[in-house]
1. Any residue in the stretch 186-212 that is under 21 Å from GLU102 (Cα atoms) sitting within a Cβ distance under 7 Å of a residue that is hydroxyl-bearing (Ser, Thr, Tyr)? List the pairs, counting only those 6 or more apart or interchain.
2. Taking the stretch 580-636 only, how many residues are outside any strand (DSSP E or B) and either among the β-branched types (Val, Ile, Thr) or under 23 Å from the mean Cα position of the chain (by Cα) (or both)?
3. Filter the stretch 61-106 down to the residues that are acidic (Asp, Glu) and within 29 Å of GLY661 (Cβ to Cβ), then identify the one that is most open to solvent (accessible area, probe 1.4 Å).
4. If you go through the stretch 716-749, how many residues are modelled with pLDDT of 95 or more and assigned to a loop (DSSP other than H, G, I, E, B)?
5. Evaluate the stretch 472-485: report whether one residue or more is among the polar types (S, T, N, Q), assigned to a loop (DSSP other than H, G, I, E, B) and assigned by TED's automatic domain parsing to the domain that holds PRO525.
6. With closer than 21 Å to TRP640 by Cα and outside any loop (DSSP other than H, G, I, E, B) as the only criterion, which of ILE706, ILE700 stands out?
7. If you go through the stretch 581-631, how many residues are surrounded by fewer than 24 Cβ atoms within 10 Å (Cβ to Cβ) and over 24 Å from GLY715 (Cβ atoms)?
8. Go through the stretch 453-497 and report how many residues are among the aliphatic types (A, V, I, L, M) and buried (at least 24 other Cβ atoms within 10 Å of the Cβ).
Amino acid sequence: MADGNITINTSRRFFLLAAGSGLVLAGCVTPADTTDGAPAIAAELAKPAAPVVDMNNFVAISPDGTIRIMAKNPEIGQGIKTMLPMLIAEELDADWSKVVIEQGDADQKRYGQQIAGGSFATPQHWIPQRQVGRAARQMLLAAAAARLAVPVSELTTEPSMVVHAATNKKIPYGDLVADAAKLTPPDPATLTMKDPKDYRIIGKSMRNWDSPKIVRGEPIFGIDVKVDGMKYAHFVKCPVFGGKIVSANTAEIKALPGITDSFVVKQVGTSLMGLLDGVAVVGDDWWTVKEAAKKLKIQWDEGAAADHSTASFDSQASALAKAKPQAFLGPQGKAPTEASWAASEAAVNGAAKKVEASYAYPFLVHAPLEPQNCTAHAKADGTVEIWAPTQLPGQGIGLVAEALGVTADKITCHMIRCGGGFGRRLANDYMVEAAAISKQAGVPVKLLWTREQDTQHNPYRPGGYHNFRAGLDAQGNLVALTNHFVTFGANGRALGNATSPPTEFPSGFIANTTYGQSLVPGNMPTGPLRAPVSNAVCFAYQSFIDEVAIAAGKDPLQFRIDLLNAPAAAVSGEKGPMNAKRMVDILNVVRDRSGWATRASLPKGTGMGVAFYFSHQGYFAQVAKVKVEQNGSWRVQKVWSVGDVGSTIINPINAHNQVQGSIVDGISEMHQKITFDKGRTVQSNFQDMPLLRMDYAPQIDSHFHISSNSPTGLGEPALPPVLPAVANAIFAATGKRIRVLPAVQSDLRWT
């Protein structure tokens, strides 16, 4: 790795790792390493032997020089537990070898918002977390100045040491912390941050804090938690979304060996991702309760959704696409009206050449490798203690408070390392289920879902149908584009994440763009999947833009650059949040790195495709090389990825891991689907909802183009463009367009 680049050949180890400011401090603790095996996580982690002195909410220093930094956000494999402490440690001028990292509990009063999602962590914390470290350093300098009777201006620091150069005196942080902690913290606005040229930690590849424990197989995940007196729970819900329970043979189940309780749980609230009707089975071990649940005889009132099916959805979408849109979403910068739709349609109809195509993508499940789980203890005194692998603990605490009738201050939530999330653990249905079962059973319980439950009770990435029409002038320039987007909704509104924003490129870059929308009724739960909304609409838009470029007889990569360089006078409105120059810059870089100009020399059946996307404040352009066999089977041989996420790559090894994981996820999604029949999810496990296999993963060339912009996040923006880049490469190899996902082998045969 050098200059922000990394090229990897897929190995088993890579694949497993990738496919996945107030200033008042609480004490930090860290679990001791084990030497005789891997005991389960204890409810209370062992306190460190050396006393700690709190500097603020995030930093504590021991007299022996150990620096304990609290990680505030959930860790789901994105490396945030390491990255945020790096920001603090850099400005503290800490000796990284003396740093230990502790995961904070859910406590927004102490830490502010705590979330893993949206690629928010870097832009939200780039300044505040560095200010935390800088303020603690300033307090240590002040304490040293008082001790040495010299001005603070004569002091500086080196790793974990205050230095007075004039006398060559050095005082370790551990010797100063007791005095420093008594001082009033400085106003963050008065602090001067380090010059980037002096960074020792930021910009260096730092091993993820939990990696050694994971490699050793230590039990650090939610699925590993054990507490005294704990029982295991299995919870059965209606297979049809929104179904209600009529009756269940709980008395028979409770009499089975190893079963301590079984009872009906009733829905609280209206959310399909909250506490729903179901039957709990509680017992001495998980296998026993899971097997006992197979003997449940439950009568459900399945409701109106029992008639829903994917076949019906597809039929309705096809009919709606032929009719006038139910609503209008653009053009950008103008009020959405039927007249603007008609104007854009007229511009298409009057163009020298028209291009029309429809694209569709399916519902998808999140499929984190660790199924949903939670350990909860609803205590007799009205307090609740929870151990949960959650991406959004505050929302889960709210669900528990509502369901159990307690106030949020009575709930303690320990954020446990998540075995993947991808947006699934932004919903906390498993947390409120565990708490409700614990209260009703009167004991602490660990609730663990099966893979089948996780697949069939999910806030799915919604499917959608895009119906494009584009017009080209006599010179092959794109002058008009319309999209009638058919999606899923209820009560006149699109379901969660079932949207297609009117700002999608090329909106704002050509004279006429208008988007219409129609709704297919649906009541399935939907929600964000990694790169929400973007992961779906990018496939449709960037694939269709490729079609338009080919119809115009132009190089698809240069065609995109020409659109991005459109003069202001030619566009329909403001160009929106995307900085066109930043995108053009990375398209030029990926063109050079991939050898795009030589693609005509590729053998028959092998092609290269390009796509770009701006999402979650990140700019990514990717080129994929795909080989398609004559029988239609295909594999991605290599992906070149160029990203612009600002001026600093905080932890390069983790940043490249995020890009690699995004690309692997995106290619996986091209093989996946979730379908419905009789209101039920058809797929159940990885045999019919496959993840990309190790031997099928591509070589990945990951490069970061450094710009002068403030750093932004990386969990999501590298994913969207890989799907259309691969689809466009398949077209280049075969002449066949993938307009419907998943990509089906039989549709891609060639001779």
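1. Partner pairs satisfying both residue conditions: ILE202/THR648; MET206/THR82; ASN208/THR82; TRP209/THR82.
2. Kept after step one, since they are outside any strand (DSSP E or B), are these residues of the stretch 580-636: 580-605, 616-617, 629-633.
Checking the rest, the ones that are also either among the β-branched types (Val, Ile, Thr) or under 23 Å from the mean Cα position of the chain (by Cα) (or both) come to 583-584, 586, 589-590, 598, 616-617.
Residues that pass the stated criteria total 8.
3. Here is the first cut: in the stretch 61-106, the ones acidic (Asp, Glu) are 64, 75, 90-91, 93, 95, 102, 105.
Next cut, within 29 Å of GLY661 (Cβ to Cβ) only: 75, 90-91, 102, 105.
Numbers: GLU75: 9, GLU90: 0, GLU91: 0, GLU102: 21, ASP105: 61 Å².
So the residue we want is ASP105.
4. 15
5. Scanning the stretch 472-485 turns up at least one residue that is among the polar types (S, T, N, Q), assigned to a loop (DSSP other than H, G, I, E, B) and assigned by TED's automatic domain parsing to the domain that holds PRO525.
6. Criteria check complete, one pass: ILE700.
7. 22
8. Result for the stretch 453-497: 5.
The values are calculated or read from the model by the stated rules, or taken from the named source; none is laboratory data. Please read all numbers here as calculations on a predicted model, not as lab measurements. Don't worry about glycine lacking a Cβ; one is built from the backbone with ideal geometry, like all the others, and counts go over all protein chains shown. Side chains are part of the model used for accessible areas, which takes the heavy atoms of the whole protein and leaves out ligands, DNA and RNA. Shrake-Rupley method; radii C 1.70, N 1.55, O 1.52, S 1.80 Å.
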